[in-house]
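*Asks:* First the structure, which I've put down as structure tokens, then a few questions once you've had a look.
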Amino acid sequence: MRRDPTNDEVARILEEVAELLEVQGASVHRVRAWRAGADALRGLSQPVADVFRGEGRAGLEAIPHIGVRLSKVIIEVLRTARAEALERLRGEISPVEVLASLPGVGEVLAERIHHDLGIQTLEQLEVAAHDGRLAQVPGFGERRGAAIRDVLAARLTRRIRGRARTTSPRAHPPEVAMLLEEDRRYRDEAAAGRLKTIAPRRFNPDGRAWLPIRHEERGSWSFTVLYSNTALAHQLHKTHDWVVIYWESDFGSGRATVVTEWRGRMAGRRVVRGREPECEEHYGLG
């Protein structure tokens, strides 16, 4: 049986996130928030794992300097001993790896799902498996689609009731216009050499720091933006076209991929994958 991470182990993860954010030029407020969270865990009189078991997420949010955002990271660490936020800042995370972890998918199909549908998470894949979009991806017949639905039901530990789950309004993502503006700012600053660069561990045998990364606070939103570092992006020479935007607010978090569309009415325009109809409206093509 896996032991619970200690308060110090969880705090060290929060501190490393703070250090990487500071080096990469994130706001002082954001860096301080992560460090304050780490200090709060070290000062806690009981194991944070016990707090979560006894009082759930509300108990974590009640700890000074933790709140909604950090509580989600702490829960992730307690459950998996890892934090996506840290892996992202290290340049390690890949949504394709997450999708490919499902039996019967593999990296090739995972790349197709990610690129064609803009799918980033297992939760998004679950919705696509029920609303018909997954069946449109080459390689997914009815039998494989049914198998994926069964695997997801087990992996996500909840019953599927035969229809797509709606997204909670509290977790509503940023508007397409805001995402496209973040994409534009990132590409402009990257091209001008004004951004910090990191050395991703995947597809980077020389260990070179080539991947620009940008952090920004806009109102209640926090953004981290960088070029895609997936196998398909390298294969198609799109590492300086496909942009991944990670967003956080007090009401949720997620990510979006922005690409240059090559077909249809939006050919040549920047498009948020998975939100094409909204992009058509944004460009006055709806």
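*Asks:* Once Rh is set to the Kirkwood radius over Cα pairs, what Stokes-Einstein translational diffusion coefficient, in µm²/s, holds for the range 1-130 at a temperature of 10 °C and a viscosity of 1.306 mPa s?
*Replies:* 98 µm²/s
*Asks:* If you don't mind, there's one more thing I want to ask. Is the range 77-141 rounded, prolate or oblate when judged by the Cα gyration tensor, a ≥ b ≥ c being the square roots of its eigenvalues, rounded requiring a/c under 1.5 and prolate requiring a/b larger than b/c?
*Replies:* It comes out prolate by the Cα gyration axes.
*Asks:* Taking 0.36 nm per residue of sequence separation and subtracting the Cα-Cα distance, how much length would be gained by fully extending the chain between Ala199 and Ala135, in nm to one decimal?
*Replies:* 19.4 nm
*Asks:* Follow-up question, since we're still on this one. Could you give me the radius of gyration and the Dmax of the range 169-282, taking only the C-alpha atoms into account and expressing both in angstrom?
*Replies:* 14.4, 44
*Asks:* Give me the distance in nm between label points sitting 7 Å out from Cα along the Cα-to-Cβ direction at Glu76 and Ala154, one decimal.
*Replies:* Here the modelled spin labels are 2.5 nm apart.
*Asks:* Tell me whether the chain comes out rounded, prolate or oblate; compute the Cα gyration tensor, take square roots of the eigenvalues as a ≥ b ≥ c, and use a/c under 1.5 as the rounded threshold.
*Replies:* oblate
*Asks:* Among Leu285, Gln124, Gly67, whose Cα sits farthest toward the positive end of the charge dipole of the chain (+1 at Cβ of Lys/Arg, -1 at Cβ of Asp/Glu, about the Cα centre)?
*Replies:* Gln124
*Asks:* For the range 223-230, in order, what is each residue's ³J(HN,Hα) by Karplus, 6.51 cos²θ - 1.76 cosθ + 1.60 with θ = phi - 60°, in whole Hz (x at glycine and Pro)?
*Replies:* For the range 223-230, the Karplus-derived couplings read 10, 10, 10, 7, 5, 5, 10, 8 Hz, x marking Gly and Pro.
*Asks:* Can you compute the FRET efficiency between Arg2 and Ala177 using 1/(1 + (r/R0)^6), with r the Cβ-Cβ distance and R0 = 51 Å? Round to the nearest 0.05.
*Replies:* 0.70
*Asks:* Sort the range 220-286 into rounded, prolate or oblate with this rule: let a ≥ b ≥ c be the square roots of the eigenvalues of the Cα gyration tensor; rounded if a/c is under 1.5, and if a/c is not under 1.5, prolate when a/b is larger than b/c, oblate otherwise.
*Replies:* Oblate, because a/c is 1.5 or more while a/b does not exceed b/c.
No value in this document is a laboratory result; all are computed from the given coordinates. Since we're looking at a predicted model, the values are computed, not measured. Ideal geometry is used to build each Cβ from the backbone, glycine not excepted, and the neighbour counts take in all protein chains shown.
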